[in-house]
2 protein chains.
Amino acid sequence: MRTLNVALGERAYPILIGPGLLDRAAGVTNALVAPRLAIVSNTTVAPLYFEKLAGPLRQAGVGITAIVLPDGESHKNWETLNLIFDALLKERCDRTTTIVALGGGVVGDLAGFAAASYQRGVPFIQVPTTLLAQVDSSVGGKTGINHPRGKNMVGAFWQPKLVLADTDTLGTLPARELSAGLAEVIKYGLIRDLPFLEWLEANMAELMARDAAALSYAIERSCANKAEVVAGDERETAKDGGRALLNLGHTFGHAIETGLGYGQWLHGEAVAAGTVMAAELSRRLGWLTQSDVARVRDLLARAGLPVSGPKLGADRYLDLMGHDKKVIAGKLRLVLLQQIGTAVTCGDAAATDIRAAIEDCCA
Amino acid sequence: MRTLNVALGERAYPILIGPGLLDRAAGVTNALVAPRLAIVSNTTVAPLYFEKLAGPLRQAGVGITAIVLPDGESHKNWETLNLIFDALLKERCDRTTTIVALGGGVVGDLAGFAAASYQRGVPFIQVPTTLLAQVDSSVGGKTGINHPRGKNMVGAFWQPKLVLADTDTLGTLPARELSAGLAEVIKYGLIRDLPFLEWLEANMAELMARDAAALSYAIERSCANKAEVVAGDERETAKDGGRALLNLGHTFGHAIETGLGYGQWLHGEAVAAGTVMAAELSRRLGWLTQSDVARVRDLLARAGLPVSGPKLGADRYLDLMGHDKKVIAGKLRLVLLQQIGTAVTCGDAAATDIRAAIEDCCA
C-alpha cells in the first residue's frame, strides 16, 4: 500500500493506493469518524463490492446504510441526488454520519455533493472503483451534478477525509472504462510531467493488458500530480495555470458530452477527442508541430480512445463551450499545450482558429 | 449608517445598517466584485424595491440579471432553486457573477444556496428587506432549502461578501412579519444579552409602532450578537454552546412548521411558540421559575406573537423533532434557558418532561 497526502491545511487528507484495501477499510475508517456510514453505490458496482466493503465494517460495529443508485452519467442529476437525501432522512442519518462513495466518478460526484449539502455538510470518504475515479475524480474535492444546460453546473468543493483506491477493483472494469481512465492518466503527462508521458509511451501495452504493477505506478504518479496541483489551488481561483490546467481537453470534451446527451460518450472518451482538438489548436497557434499532434493522437489511440469528435458542427461546439465553467467574465479560456509536457491557459485564441481545430478533428 | 464586522478571517464581511442604503448600493458593491450581478427577489418584494436597487447600479455600468421567484416558505424547495440555475445558465452567468438576495429569509436561503452551488460557488451579497432577515438569517452564512421530510435539510454554509440592511424597507413590512422578526430579536436577549432583553421590555411599544430609532437600535444590537456568535463557531461545530444556542425554540418551531406544512406559520411565529415550550421545559428541569416563563410569554405576546403551538399531539412533535439537525449521534439536543439571559444545550432532558412541556404549551 502506498500513501499520498493532499496538503490542504485543516482539510488535508490521505490517499491510500494498493490491492486488498476494501477488506481492510474498518482499520482506517474507524479512527476517522463516528461509527455510522451511508455507503452510496450503483447497481453495477454494489453487487461486486458492497459486501466486501460493508461486511467487515459491520462486524467492527459500524452502522451501515446502503444507498444504491442507477448507473450512468445520465443519472447525474437532481432526481438521483434526491434519492440520497430521501434515504438519509428516512434512516435519520445525522451530522455525524459519514457518506462513502463506492463506485466511479458519477457515484463520487453525486455522493460528494450530497455530503457537501446534507444538513449543510457531513464527512465524506471516496472509495473509487474505476481507473478514472482513482486517478482523477476522487481526488481534489470537486462534486456536483449536471444541468440540462451544462455539465457539472451545480455542485460544491467538498474535500473527502480519505480516499481509498483498491487496485483490485480494476480487474472487473470494462475495457471501455479502462481506456477512459487512461485519458486522464495521459493528461498528467501532457500538461506537467514529460518523464511520465515517456513512461506511458513505453508502457501502454502493459497498461492495456492490466499489468498490476504498471497500473499501480500509473495511479500513484497520477494522484501525486493531481494532489500537487490541488494543494496549490484548492478552489480553482488561480488566474493562470493552477487547477485549470487539469482541464486540458475538457472544454471541447464537455461540448461533446452535452451535445450528444450525457452518457453517450464516457467522460474520458470525450476528453480524449477534446485533447486532440486542444493539441491541434496549439499547433495552429504555433506552439506544437504536426508531429507533436500526431504523438498525442497516437498515444490516445493506443489507449483505445477516440481521437476525433462527433460531427456536431463547429457552431454547436462553440455554443456549448460558451456554457463551460472555464468562461471567465464572458471570455472563453482554453487549456492548450505550449509544448508537450507543459500546458497553459489561453484566453485569446481567435474564433476562426478554434473553429478550424474543431473541424479538423471531427469525423 | 452603522457598520458591523463579522470576524471570519478570510471570509470576514461587513454588515451595513441604516436608512437609504438601497439607493447607494453602487458605491459599496462596485469595490467588491466584477460588474455583473444576478439579483434574486420575489413577486412581493421586486415591485417595491428591485428598481430602487438595480437602477443606480445599472447606471453605474453594472450588468443586471433579474430573477423573480414566487413568494413564500412553501417555495423554498428544489424546484424554485432550479429556476435560479435556469436563469443563470440562460443568461450565461459565469463564476465572476455575484448573486444578490433582495428579500426576506426565504429569498436569502434560496439565493445563498444557489450562490454556494452554482458552478461550485460564486460571490454572494445579502440585501435583506424583512426584520427577520435583517436581524438573523442574512448574517452567518446558513443557506438551504427544505425537504418534504425536514426543514433546511439540504444546503450549505456560504458566507456573503456583504450584508446591506436598509431599514427603510421595514416601512412596507406586513405587521405579521414585523412580529415574526421580533421573535428572533427577543431570542438574543433571552440567550445571551439580559440588558438587551430589559431594553426590549421597556421599548416593545415603540418597536411595534415602528419607531425608526428603536428599530435601528434593535437591528444593530441583534446583528452584533449574531456576529459574535458566528465568529466563534462558523459551522456550528462547537460541542456545547456556540451557534447552537441561536436555535432557542427552533427545534420545537421546526416541528410546528413541518407538521403544519411549510408556510402556514411564519418561521418567527413557530419560533415564538417553540421558545415558550423551551422555557416551560427549562422550568420543569428546575432552571426557570413560573414567573420567568410568564415573563418570556408576556414579552412574546406583546410583540404580537403566538405563545402556544398547534395541537399536533406530543407524539407527532417528537417524531418531527427527531429529524431536526440538532440531533447528534441519534440524541436530541435542545437549547434551553439556564436562567433568563443565559442559554445552554441539553442532551438529556427526559422524554416525559419534553412531552409535558409540549402539551402544556399547545392550545
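The values are calculated or read from the model by the stated rules, or taken from the named source; none is laboratory data. Keep in mind it's a predicted model, so treat the numbers as computed, not measured. Reconstructed Cβ throughout: ideal geometry from the backbone, glycine too, with neighbour counts over all protein chains shown.
Within region A:22-46, restricting attention to residues that are at pLDDT below 95 and assigned to a loop (DSSP other than H, G, I, E, B), the residue that is farthest from A:ALA87 (Cα to Cα) is A:ALA31. For region B:194-201, the condition of being modelled with pLDDT under 95 and of a type in the set (A, V, I, L, M) holds for none of the residues.
Checking every residue in region A:256-275 against the condition of being surrounded by 21 or more Cβ atoms within 10 Å (Cβ to Cβ), within 22 Å of B:PHE85 (Cα to Cα) and either within 14 Å of another protein chain (Cβ to nearest Cβ) or free of Cβ contacts under 8 Å to residues at least 40 places away in the same chain (or both) gives at least one match.
For region A:155-168, filtering for residues that are without any contact (Cβ under 8 Å) to a residue 60 or more places away in the chain and more than 19 Å from A:LEU4 (Cα to Cα) leaves 2. Go through B:GLN134, B:GLN126, B:GLN119 for me and flag whichever is within 12 Å of another protein chain (Cβ to nearest Cβ) and touching a strand residue (DSSP E or B) at 6+ places or on another chain (Cβ under 8 Å). When all the criteria are applied, what remains is B:GLN119. Taking region A:47-62 as the range and being assigned to a helix (DSSP H, G or I), loosely packed, with under 13 Cβ neighbours inside 10 Å and at pLDDT below 95 as the test, only A:GLN59 passes. Restricting attention to region A:220-244 and to residues that are under 16 Å from the mean Cα position of the chain (by Cα) and within 18 Å of A:LEU337 (Cα to Cα), the residue that is surrounded by the fewest Cβ atoms within 10 Å (Cβ to Cβ) turns out to be A:ARG243.
Among the residues of region A:121-179, the ones that are under 26 Å from A:GLU51 (Cβ atoms), assigned to a loop (DSSP other than H, G, I, E, B) and of a type in the set (S, T, N, Q) come to 3 in all. Any residue at all in region A:96-114 that's more than 14 Å from chain B (Cβ to nearest Cβ), farther than 26 Å from A:LEU178 by Cα and touching a helix residue (DSSP H, G or I) at 6+ places or on another chain (Cβ under 8 Å)? No, every residue in region A:96-114 fails to be more than 14 Å from chain B (Cβ to nearest Cβ), farther than 26 Å from A:LEU178 by Cα and touching a helix residue (DSSP H, G or I) at 6+ places or on another chain (Cβ under 8 Å). Has region A:322-334 got at least one residue that is within 14 Å of chain B (Cβ to nearest Cβ) and acidic (Asp, Glu)? Scanning region A:322-334, I find at least one residue that is within 14 Å of chain B (Cβ to nearest Cβ) and acidic (Asp, Glu), so the answer is yes.
Regarding region B:76-96, can at least one residue be identified that is in contact with an Asp or Glu (Cβ under 9 Å, 6 or more places away or on another chain) and surrounded by fewer than 17 Cβ atoms within 10 Å (Cβ to Cβ)? No. Scanning for something farther than 19 Å from A:GLU177 by Cα and surrounded by 18 or more Cβ atoms within 10 Å (Cβ to Cβ), does region A:198-217 turn up at least one residue? Scanning region A:198-217, I find no residue that is farther than 19 Å from A:GLU177 by Cα and surrounded by 18 or more Cβ atoms within 10 Å (Cβ to Cβ), so the answer is no. B:LEU88 meets the conditions (1) within 28 Å of B:GLU269 (Cβ to Cβ); (2) within 13 Å of chain A (Cβ to nearest Cβ); (3) among the aliphatic types (A, V, I, L, M) in every case but one. The failed one is (1). Would you mind stating whether A:ARG221 is on the phi > 0 side of the Ramachandran plot and assigned by TED's automatic domain parsing to the domain that holds A:GLU269? It is false that A:ARG221 is on the phi > 0 side of the Ramachandran plot and assigned by TED's automatic domain parsing to the domain that holds A:GLU269.
For region B:284-310, the set of residues classified as assigned to a loop (DSSP other than H, G, I, E, B) and closer than 17 Å to B:TYR188 by Cα consists of B:ALA303, B:LEU305, listed by residue number.
Each row is one residue, and each column tells you yes or no for (1) assigned by TED's automatic domain parsing to the domain that holds A:PRO47; (2) over 23 Å from A:ARG221 (Cβ atoms); (3) under 17 Å from the mean Cα position of the chain (by Cα).
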| site | (1), (2), (3) |
| --- | --- |
| A:GLN119 | yes, yes, no |
| A:SER138 | yes, no, yes |
| A:LEU162 | yes, no, yes |
| A:THR167 | yes, no, yes |
| A:LEU190 | no, no, yes |
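Only one residue in B:THR65, B:THR80 is assigned to a strand (DSSP E or B) and within 14 Å of chain A (Cβ to nearest Cβ). Which one? After ruling out the rest, the residue left standing is B:THR65.
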